[in-house]
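The values are calculated or read from the model by the stated rules, or taken from the named source; none is laboratory data. Fair warning: this is a prediction, and the values are worked out from it, not measured in the lab. Using ideal geometry, Cβ is built from the backbone for each residue, glycine included, and neighbour counts are taken over all protein chains shown.
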Amino acid sequence: MTELTRKGGAGPTMTLQADRTTDRRSVSMQAPHLATTITVSRHGTVSRVDAALVVLLGIQPAELIGHHLDSLGVTRADVTNIQQCLRAAAEGATGHAQVSFRTTDDELHVQLVATAAGDEIVVAVIDETARVQEERDLAASQRRWQSLVRNAADIVFTIQDDGTLTSVTSALPVRMGWDVDDVVGVYGLRFVHPDDRPAAGAAWLAVSEGRSLQETLEVRLVHADHSVTWSRIVISDLRGDPDVRAVVGNTTDITEQKLVQMRQHQEQARFRARFEQSRLPQTMHAVDETFVAVNDAFCVLVGRTRDELIGRPMSWIMHEDDVPPPISSIERAELEGVETLQADRVLRGIDGQPIAIRADITVLRDDDGDPSGCAAVLHDLRPLQDSERARQQLQQFFDVVAERSRDFVLLHDADGRTTYASPPGQQMLGDVYDQPVSEQMKVVNPDDLPAMRTAWAHVQQHNASHTWRYRVRDADGRWRWIEQTSINLLDTEIAGVLSNLRDVDAEVQAQRALSLSEARYRAMAETAEEGIIVISTEGIVTYANARVSDMLGVAHDDLLGVAVWTMLSGDDRELVAERTRTRQARGAERYQVSYDHPDGTVHTLWIAASPLPDLDGQSQGSLGMISDITDSLRAIDKLRHAAEHDPLTGLPNRSTLMTHLDSLDLSSHATALLFVDLDHFKDVNDGRGHTAGDQVLVEVASRLSAIVRADDMVARFGGDEFVVVMHDADEHTVQDRAQQIMGTLTGSYAIGHHAVRLGATIGVAISPAPSSEHLLRYADSAMYAAKAGGRGRVRMFDAALAAQTEERHVVSAELLTALENDALEMYYQPVIDVTTGEVVGVEALARWHHPTYGEIKPERFVALAEMSASSIDVDRWVIRRTMRDVVELRADLTMPDDIYVAINLSGQSLSDEGLADYILETVRAAGLDPSGVMLEITESAIMTDKDMAVTTLQKLRDHGFDIAVDDFGTGYSSMAYLRDLPITVLKIDRGFISQIPDDAHSLAIVRSLIELARSLGLKVVAEGVETQAHLDALQARGCALGQGWLWSPAVSVASLRASRVLTDRFKADDVVVEPG
């Protein structure tokens, strides 16, 4: 060590300068604990210093010698410690101090040992900078790691061999909500989710048993609030580390990573699903453009399977028309610096045909960002190419339309010059059609010219389209209305005003005609005989004509603005309110209500209501047509009574009788039916005339009514047949009464100044019976048996008659066989227009020639069919056979195409749900129009199942069939049928026709029925027209159609062909007789 001394103020020797070049840090590091000395006076002034210390301090000796030693202290504490160390040495002790010396660029940590040496103090300076720095670094490191552990998000824990936790870092409460004290000493697996405990336990055992130094696993941990998060746990065996001596675990929250992974998996699944399910063809390729994946849509496009495509190069599927690019798609994307690009290619279909496609290609990259392949979405360009061809064709079409359109298209520039004018303008405007606006305005009607100029100025100043109408003189010199629509396109590429001129002359004239028509119809509404009323959707009356006011007896102003149902009372009030509110859904309908007239009387109103839509089909409310039918109903009541009773005798008629029988319980021994037939009554008619016969029948009715009990019923069954119904009667009483009746009826009848003698034959049947028809048939059989036995006697229905009835059953059974063998035959009776004599239709009537019983009348086998429930089979056979006959007759021109055919339907058929469909299918199969087929029903047939009959007939009517009521006027419900059924034709029963014109009662009924049909818009056919007198009476009362022996009986198909009766016009005295 070189010692530096201060001598007489001389500067340091040259050796100091040389020593200054040595780095003090290197000196310190080479000998960190060697002591250097510094000599000071007892006052602390430096007198000598070792060269090594000067190097450590990095100062010049002159900066130290002569200065107080404490000037080297860095802090005040260092200064104090230096002074105390020197003071101790001065006092004879050894002074010690740990201080820091200032250096030129750092601090020097030293230990001072001071001892007195005479008048001086020698201070040994021991460099401890390296040790102090090492201690400080260690302390800082310890503090840093403690802070990291304390503030880390990870949970660090130690665990004993038995699996209980011994320590946990402070991150536990923050991350899992558990207090540290709550978990220390607790079995660690308790905080692991039950599903993950087996895996966690296995990892713990592997470490604790020394089979593994470290295990890493991902498990779910349970928080204090029972929530669950994912963690990655690293368990390390540090029991061999003397500073740890434990198994240490580190827990890192990976919930977000798990969620990201789950989302990635879901996104990959969704991508795969979208890829597979996409309707657009998609492919994925490796870098060398081989197929990696294809979806179903691509397989369909090229007609190949996945197995055929995967792994093959893209060139394998390309068509020969394809032009391959010079470089791959990935190379092109890299060259152009893009991630997506488009390419048009041509694929080869399974049939070898080209498939033009446009591919949207996306480059796929790996984790390092290097291309790993590409994905492509393909668009089939064939529809686009087809569309382009269609567009070109459409453009050509529009070009032709523009040339040939009746509208006139004009284009004017800003100065009003015409730059385009379509050809129709020449006819519309004449020679000025392609001239400037100023010239075109010369053909405008002078009255419209000011408005025309104003409109044109408006168009030039505004961009919106503007439409107006005016008159021009066309090329023919005629004034015509024109509608012009112009739009200002001066600020567009078109640079002009575009106008479309449309000829609306016909429209204007139509509007004027419409206005006149509206005025005319309003006048008609105001003067109509029916009440006309308009009701809003809320039920408020918005219009009523004068007839409504007169009908209701209410001032017109009092009708408007009120709810229509407030004019009614009781159930009718609620009925009208409900139907008015639901009119749109209910549609058109008819019904009647009672109305309390202000004059104190009750009127019956007939209402025909229907929805009232606007031009767009939206409901505006209801339109009602109101008729006061009070007087009509009174007339109908009279007609009903006439319809239910025999017009001659006043007794209930056959229909009323059957209705009454149907209402009785015939299953007990309580009802007796006496069928009374007058003997030799025909002789009275033939010898004395029908008038005399009628007088006899009236007397018979009077005698019968007088002899029966009050609760018994007497009815005229038809002709000279009467029926007595006895209630609660035994056989003995019935026999006695039958003998009394026969005695009463047998004897003389006064006819004017003459007398005739008659007798009676009576057949008796007593219930039980299956039905009223059976009971009537039993009594009828007994009566015929009595007549066969000699007339003038009473015969009870017994076993012998039952045998005869059995015979009828046999015939009934054979009827079905006859139908199967097509053994029946159809006859056709013409229906005549009584004015022209032309045949307008025919009624189809079945005939049966039985091989054993001979000719069986239709009435018999039809009745048998109804009794055996086979009338449906008969009706269907008749329908099929009639359709076949009509087709053949029309084919050979025997029957003109405009002649309709009428077919009778039984009550059983009307109860058949499949009837309507069967008729429709049969008629269509025959190639006939439903409008040429009429379906005839009787009132009794309807009563079999009224609701089903209404449904069936309405369905047939909706398809165009005419519906006729046959034998009208013989049933008690005739008026109700006219209201409830879709009737189009009314056939007047022959029983009424046969009595005219001599019988005033019958004549009145016929006249009433004709007028009733006319008021309801129904056609009328009179049945049983046999004399010119019948015809004259019917013509006089406006009956248009008739049928009967006056013209022709029902004849066979062969006779129709032979006589050509259907193509000839009848005269009044023409009669056709069936040959043979």
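Can you find a residue in region 516-534 that is closer than 18 Å to residue 621 by Cα and within 36 Å of the chain's Cα centre (by Cα)? Scanning region 516-534 turns up at least one residue that is closer than 18 Å to residue 621 by Cα and within 36 Å of the chain's Cα centre (by Cα).
Look at (1) among the aliphatic types (A, V, I, L, M); (2) exposed (fewer than 14 other Cβ atoms within 10 Å of the Cβ); (3) outside any loop (DSSP other than H, G, I, E, B) and you find that residue 464 fails only one, number (3). Looking only at region 613-621, decide whether some residue is touching an Asp or Glu at 6+ places or on another chain (Cβ under 9 Å) and either among the small types (Gly, Ala, Ser) or under 30 Å from residue 658 (Cα atoms) (or both). Scanning region 613-621 turns up at least one residue that is touching an Asp or Glu at 6+ places or on another chain (Cβ under 9 Å) and either among the small types (Gly, Ala, Ser) or under 30 Å from residue 658 (Cα atoms) (or both). Of all residues in region 505-541, those that are at pLDDT below 80 and either closer than 30 Å to residue 480 by Cα or surrounded by 11 or more Cβ atoms within 10 Å (Cβ to Cβ) (or both) total 14. Taking the listed residues 665, 720, the one that is of a type outside the set (S, T, N, Q), under 60 Å from the mean Cα position of the chain (by Cα) and under 27 Å from residue 938 (Cβ atoms) is 665, with no other qualifying. The set of residues from region 980-1032 being in contact with a Leu (Cβ under 9 Å, 6 or more places away or on another chain), over 16 Å from residue 641 (Cα atoms) and assigned to a helix (DSSP H, G or I) comprises 993, 1010, 1013, 1028, 1030, 1031. Looking across region 954-982, the residues that are among the aliphatic types (A, V, I, L, M), surrounded by 17 or more Cβ atoms within 10 Å (Cβ to Cβ) and at pLDDT below 90 come down to 965, 975, 978, 981. Applying the selection to region 680-701, what residues are more than 19 Å from residue 742 (Cβ to Cβ) and in a loop (DSSP other than H, G, I, E, B)? Answer for region 680-701, where residues must be more than 19 Å from residue 742 (Cβ to Cβ) and in a loop (DSSP other than H, G, I, E, B): just 689. If only one of 211, 232 is modelled with pLDDT of 90 or more, in a loop (DSSP other than H, G, I, E, B) and not β-branched (Val, Ile, Thr), which one is it? Matching residue, one of 211, 232: 211.
Pull up region 663-679, narrow it to residues that are of a type in the set (Asp, Glu) and assigned to a strand (DSSP E or B), then point me to the one that is modelled with the highest pLDDT. Talk me through it step by step, then tell me what you get.
Step one: of region 663-679, the residues of a type in the set (Asp, Glu) are 665, 677, 679.
Checking the rest, the ones that are also assigned to a strand (DSSP E or B) come to 677, 679.
Values: 677: 94, 679: 91.
Out of the qualifying residues, it is 677.
I'd like to check something: does region 156-170 contain any residue that is at pLDDT below 85, more than 30 Å from residue 57 (Cα to Cα) and either surrounded by fewer than 16 Cβ atoms within 10 Å (Cβ to Cβ) or not aromatic (Phe, Trp, Tyr) (or both)? Spell out how you get there, then give the answer.
Residues of region 156-170 at pLDDT below 85: 170.
From what's left, more than 30 Å from residue 57 (Cα to Cα): 170.
Now restrict to residues that are either surrounded by fewer than 16 Cβ atoms within 10 Å (Cβ to Cβ) or not aromatic (Phe, Trp, Tyr) (or both): 170.
The answer is yes; a qualifying residue exists.
Filtering region 781-801 to residues that are in contact (Cβ under 8 Å) with a residue 40 or more places away in the chain and surrounded by fewer than 21 Cβ atoms within 10 Å (Cβ to Cβ) leaves 787, 791, 792, 793, 796. Just the residues that are surrounded by 16 or more Cβ atoms within 10 Å (Cβ to Cβ) and touching an Asp or Glu at 6+ places or on another chain (Cβ under 7 Å), please, taken from region 467-492. Of everything in region 467-492, those that are surrounded by 16 or more Cβ atoms within 10 Å (Cβ to Cβ) and touching an Asp or Glu at 6+ places or on another chain (Cβ under 7 Å) turn out to be 469, 470, 471, 480, 481, 482.
Are any residues in region 99-122 out of contact with any helix residue (DSSP H, G or I) (no Cβ under 7 Å at 6 or more places or on another chain) and not acidic (Asp, Glu), and if so, which ones? Quick ask: steps written out before the conclusion?
Start the filter on region 99-122 by keeping residues that are out of contact with any helix residue (DSSP H, G or I) (no Cβ under 7 Å at 6 or more places or on another chain), which leaves 104-107, 110-111, 113, 117-120, 122.
Within region 99-122, 104, 110, 111, 113, 117, 118, 122 qualify.
Would you check which residues across region 924-944 are in a loop (DSSP other than H, G, I, E, B) and either at pLDDT below 90 or outside the structural domain of residue 886 (by TED's automatic domain parsing) (or both) and list them? Reasoning before the result, please.
Filtering region 924-944 down to residues in a loop (DSSP other than H, G, I, E, B) leaves 926-929, 943-944.
Of everything in region 924-944, those that are in a loop (DSSP other than H, G, I, E, B) and either at pLDDT below 90 or outside the structural domain of residue 886 (by TED's automatic domain parsing) (or both) turn out to be 943, 944.
None of 457, 506, 555, 510 is without any contact (Cβ under 8 Å) to a residue 12 or more places away in the chain, in contact with a helix residue (DSSP H, G or I) (Cβ under 7 Å, 6 or more places away or on another chain) and farther than 30 Å from residue 586 by Cβ except 555. Close contacts from region 287-306, counting a first residue that is more than 21 Å from residue 356 (Cβ to Cβ) and a second that is among the β-branched types (Val, Ile, Thr), with Cβ to Cβ under 9 Å and a gap of 6+ residues or different chains, come to 287/330; 290/310; 292/283; 292/310; 293/283; 293/310; 306/294. Here is a check on your reading of the model: is residue 36 assigned by TED's automatic domain parsing to the domain that holds residue 112, modelled with pLDDT under 80 and among the hydroxyl-bearing types (Ser, Thr, Tyr)? When the stated conditions are applied, residue 36 does not pass them.
Taken over region 612-625, the residue count meeting the criterion of being touching a strand residue (DSSP E or B) at 6+ places or on another chain (Cβ under 9 Å) and either among the charged types (D, E, K, R) or at pLDDT 90 or above (or both) is 1. Just one residue in the set 646, 616, 679, 686 is surrounded by fewer than 14 Cβ atoms within 10 Å (Cβ to Cβ) and under 25 Å from residue 721 (Cβ atoms); that residue is 686. Looking across region 557-584, the residues that are hydroxyl-bearing (Ser, Thr, Tyr) and within 13 Å of residue 596 (Cβ to Cβ) come down to 566, 569.
The set of residues from region 1038-1076 being more than 13 Å from residue 831 (Cβ to Cβ), crowded, with 17+ Cβ neighbours inside 10 Å and at pLDDT below 90 comprises 1059, 1072.
Do the conditions hold for residue 841, that is, is it out of contact with any Ser or Thr (no Cβ under 7 Å at 6 or more places or on another chain) and either among the β-branched types (Val, Ile, Thr) or assigned by TED's automatic domain parsing to the domain that holds residue 884 (or both)? When the stated conditions are applied, residue 841 passes them.
Could you look through region 821-842, keep only residues that are β-branched (Val, Ile, Thr) and not in a strand (DSSP E or B), and pick out the one that is surrounded by the most Cβ atoms within 10 Å (Cβ to Cβ)?
If we filter region 821-842 for residues that are β-branched (Val, Ile, Thr), which is where we start, we get 831-832, 834-836, 839-840, 842.
If we keep only those that are not in a strand (DSSP E or B) as well, we get 834-836.
On the way: 834: 23, 835: 10, 836: 11.
Residue satisfying both the conditions and the ranking: 834.
Looking at region 652-662, is at least one residue of a type in the set (Asp, Glu) and either crowded, with 16+ Cβ neighbours inside 10 Å or within 30 Å of residue 733 (Cα to Cα) (or both)? Yes, because at least one residue in region 652-662 is of a type in the set (Asp, Glu) and either crowded, with 16+ Cβ neighbours inside 10 Å or within 30 Å of residue 733 (Cα to Cα) (or both).
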